[in-house]
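What follows is one structure encoded as C-alpha cells, with my remarks underneath.
The values are calculated or read from the model by the stated rules, or taken from the named source; none is laboratory data. Values in this document were obtained by computation on a predicted structure and should not be read as measured data. Cβ placement follows ideal geometry from the backbone for every residue including glycine, while neighbour counts extend to all protein chains displayed. These area figures cover heavy atoms from the full protein model, side chains too; ligands, DNA and RNA do not enter into them. Shrake-Rupley method; radii C 1.70, N 1.55, O 1.52, S 1.80 Å.
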Amino acid sequence: MKQEPTHSASWRKQDKLLVQSCELRTWLHQILKYIFHTSEGEPAIWSENMVHIPDDADFNSFRELCENPDGWQCQYDKGGTTVWSQEQDSIKAVKKLKMRIVCKDVSAEVLYDVLHDTSYRKKWDSNMIETYDIGRLTVNADVGYYSWKCPSPLKNRDFVTLRSWLPLGSDYMIINYSVKHPKHPARKDYVRAVSLQTGYFVKANGANSCVLYYLTQVDPKGSLPKWVVNKVSQFVAPKAMKKIYKAGLKYPEWKRKHEPDFKPWVYPEQNTLPSVNLEDLSIQRADELENIDESGVSEHISEDEDGLSKDS
C-alpha cells in the first residue's frame with residue numbers, strides 16, 4: 001500500500017485554506033470589477049493595469065475554453081492528439097492554439113507532477129534552454145523564468161510569467177500570463193515574448209488515464225514567416241504533446257530515484273523560494289517590447305529541430 005508522506009495532514013489543512021483563499025480572492029475580484037467598471041463594459045484598470053493572482057473565476061473560464069469546441073478550427077487530428085486554432089480580430093496578430101491528447105496509462109496526478117517538476121523537465125523538454133523559479137506569491141502561485149530555443153536562424157525567446165495552479169478533486173489546472181519583474185528585465189540575447197493566456201488542464205479519465213489540454217495565446221514579438229505558423233499547428237504542437245505524454249509514462253520510475261517525497265507544488269511547506277510582493281510586479285505589455293521582423297526567414301527546420309513548441 002502506498003504510504004503518504006508524514007506531512008500529508010499538514011497539506012490537507014493547507015488545502016482547506018487554499019480553497020478559502022480562492023473564494024476570498026473571487027469575492028475581492030468581483031468587488032474590484034464593480035468599482036472599476038467602465039461604460040464600455042470592460043473593467044479597464046483591473047484587466048489592463050493590475051497584476052492579480054488568478055481566482056476561481058479565472059480557472060473556471062480557462063476550463064470552459066479548454067472544453068468548449070465553439071469557435072475553434074481543427075488543424076490536426078491523429079492518434080489521439082488534436083490541435084485547434086482560433087483566429088483573432090484583424091488588429092490582433094496572435095492566434096490562440098488549443099491542444100488535446102489522450103494519455104493512457106498515465107494518471108492525472110502523475111501528469112500534473114510532470115508539468116510542475118522542473119528537475120524532470122530537463123530530461124524531456126529538449127526545447128528548454130533555462131528555467132527557474134524567481135519567487136513565491138502564495139501557496140499556489142509563483143513567478144518564474146523560461147527560455148526556449150527556436151529553429152535557426154530565428155532568435156530564441158524567453159518569458160517571465162506569473163503562474164498559478166489549482167487541484168480540483170482528481171482534475172488539475174495550471175495557468176500563467178506574462179509580468180514584469182524589476183530584477184528580470186528583457187535580455188539582449190533573447191526576444192522577450194509575451195504570454196497573454198497559457199495553461200494546462202489535466203482531466204482524469206479513469207484511475208490510470210487522463211486527458212491533457214494545453215491552451216496558449218502567445219505574442220512571440222516578431223513578424224514570423226507563414227511557414228513557421230503552419231509548422232506550429234501541423235508539426236510542432238502535436239510533437240510537443242506527445243513528448244509530455246511520454247514523459248508521464250516514465251516519470252514514476254524516475255521520481256522514485258530522485259527525492260520521491262519532494263513535491264513543493266503539493267506540499268507548500270517544502271517551498272523555500274523567497275517571497276515576491278505583488279506590488280513589485282506589473283503587466284508585461286507587448287507594445288512595450290521590441291518587435292523583431294523575421295518574416296523573410298526562409299524555411300529550414302529538421303525533424304529534431306522543433307524549438308518553436310513551448311508552453312511559456
Please pick out the residue among Y200, Y146 that is within 12 Å of the chain's Cα centre (by Cα), buried (at least 19 other Cβ atoms within 10 Å of the Cβ) and closer than 21 Å to R63 by Cα. Y200
Tell me which residues, restricted to the range 90-143, are of a type in the set (S, T, Y) and within 15 Å of I174 (Cα to Cα). Y112, T118, T138
Restricted to the range 152-188, and to residues that are of a type in the set (S, T, N, Q) and more than 11 Å from the chain's Cα centre (by Cα), which residue is least open to solvent (accessible area, probe 1.4 Å)? N156
Output for the range 173-189, where each listed residue is farther than 21 Å from L281 by Cα and either of a type in the set (G, A, S) or touching a Cys at 6+ places or on another chain (Cβ under 9 Å) (or both): M173
Which of the residues belonging to the range 240-263 are crowded, with 17+ Cβ neighbours inside 10 Å and in contact with a strand residue (DSSP E or B) (Cβ under 9 Å, 6 or more places away or on another chain)? A240, M241, I244, Y245, G248
Yes or no: K149 at pLDDT below 95 and in contact with a helix residue (DSSP H, G or I) (Cβ under 9 Å, 6 or more places away or on another chain)? no
How many residues are over 26 Å from E64 (Cβ atoms), of a type outside the set (K, R) and free of Cβ contacts under 8 Å to residues at least 40 places away in the same chain when one looks only at the range 192-244? 1
Would a scan of the range 143-166 turn up a residue that is without any contact (Cβ under 8 Å) to a residue 60 or more places away in the chain, more than 25 Å from Q86 (Cα to Cα) and basic (K, R)? no
Which residues, counting only those in the range 116-130, are more than 13 Å from P167 (Cα to Cα) and assigned to a helix (DSSP H, G or I)? T118, S119, Y120, R121, K122, K123, W124
Pick from the range 210-238 the residues that are over 21 Å from the mean Cα position of the chain (by Cα) and open to solvent by 10 Å² or more (accessible area, probe 1.4 Å): which of them is nearest to K96 (Cα to Cα)? N230
Filtering the range 98-143 down to residues that are in contact with a helix residue (DSSP H, G or I) (Cβ under 8 Å, 6 or more places away or on another chain), hydroxyl-bearing (S, T, Y) and open to solvent by less than 30 Å² (accessible area, probe 1.4 Å) yields Y120
